[in-house]
Structure formats: structure tokens, C-alpha cells
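Reading through the C-alpha cells given below for one structure.
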Amino acid sequence: MILPASRLSLLLVLALLLTACGFQPRGARTDLGHLPQPLQLVGVDPYSDLGRKLRRQLREAGVRLDERADGAGSVLRIADARSERRLLSLDARNRAAEYELSEMLRYSLRSGGQTTPQQTLRVTRILLQPGNELLARQREERRLREAMRRELLRQLIRQLAAR
């Protein structure tokens, strides 16, 4: 089927607008090759879950990591990384029904002799906890926290790419 010229030009204009707005499909690779290389990562335990995932995402974004401060072209300093849980509501039996979960990351970047002011990233989700299924609730919270950490790291990579 051949599209009329007006439809074809409309599709072309929409495709150009979509790419111009910065839209990227989830999981699309972000290139951080513009950062002075290598990058030193400071303030996060390299063996923690957050440390391993952050290192992997940085490598996937084209960043060469270095452990030594003297050879680093830029330094990403994680000042604080924290998980929080806050009670939102109770059920009829005075048991927790909803929690607000949040993952927070505070960082700064030193690159080319300039240090950016500390930035704070936060991802917040609501966790419903109906019933007595303790194992299912714990599993659901664990899955939700993993998804929140992935989103937090995606935000960090996007912000680093925008510099």
C-alpha cells in the first residue's frame, strides 16, 4: 500500500519532532563519552548492589572507570544514597495498609577543574499492603525497590549526559 504524499510527510514531521524532543525508548543507551576520561567513582561501596549497578551502567554508557584519583579526568562523588519507608495509612484493624517508599541519591561531579553543586535525585512509589501475605509483601517491596533503584540510576545517567 502506497501512502499519499500528505500522510507520508505528516509521518516524517512527527518522527522528526519525536527525535527533536529528546525522546528515547526505555533502556536506550546513553552516551557519556563527552566526560573527561577516566572517571573515578567515590562514596559508594563497589561491592554494594548500588555500586555494582552504577558501575555497570556507567560502563554501558561508554565511561572508562579508574580507581586512582591521580589518573581520573572526572570524579563522580556519591555523597549520600538512602532508602526510606514511611507509613501512609492504616486498615480497619489498625495495621499498615500503605507505605511510601523512596530511594534517594545525592551526588556531585568534578570535571575539567569545575565541581557542580550537589544534586539530589529521588524516586518515590506507593506500596499497598493488603492482607496477611507476609512473604508476598516482602517480595513485592523488594521488586519495587529494585525498579526504583534502576530508575534512580537512569536519572543519574541522563543528568550526566546533559552536562
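Since every read-out is calculated from the coordinates, none of them should be taken as a lab result. As the structure is a prediction and not an experimental result, all values here were calculated from the model.
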Can you give me the three principal axis dimensions of the range 28-162 from its C-alpha atoms, in Å, biggest first?
59, 25, 25
Residues whose modelled amide H sits under 5 Å from the amide H of Arg64, counting only those 5 or more places away in sequence or on another chain, are Leu39
Residue-ordered couplings for the range 59-68, obtained by feeding phi - 60° into the Karplus form 6.51 cos²θ - 1.76 cosθ + 1.60 and rounding to whole Hz (Gly and Pro as x), are 5, 5, 8, x, 9, 8, 9, 9, 7, 8
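How much length is gained if the chain between Arg7 and Ala162 is pulled fully straight, taking 0.36 nm per residue apart and subtracting their Cα-Cα distance, in nm to one decimal? Can you show the working numbers first?
On the way: separation 155, 0.36 × 155 = 55.80 nm, distance 3.40 nm.
Stretched out fully, the Arg7 to Ala162 stretch lengthens by 52.4 nm.
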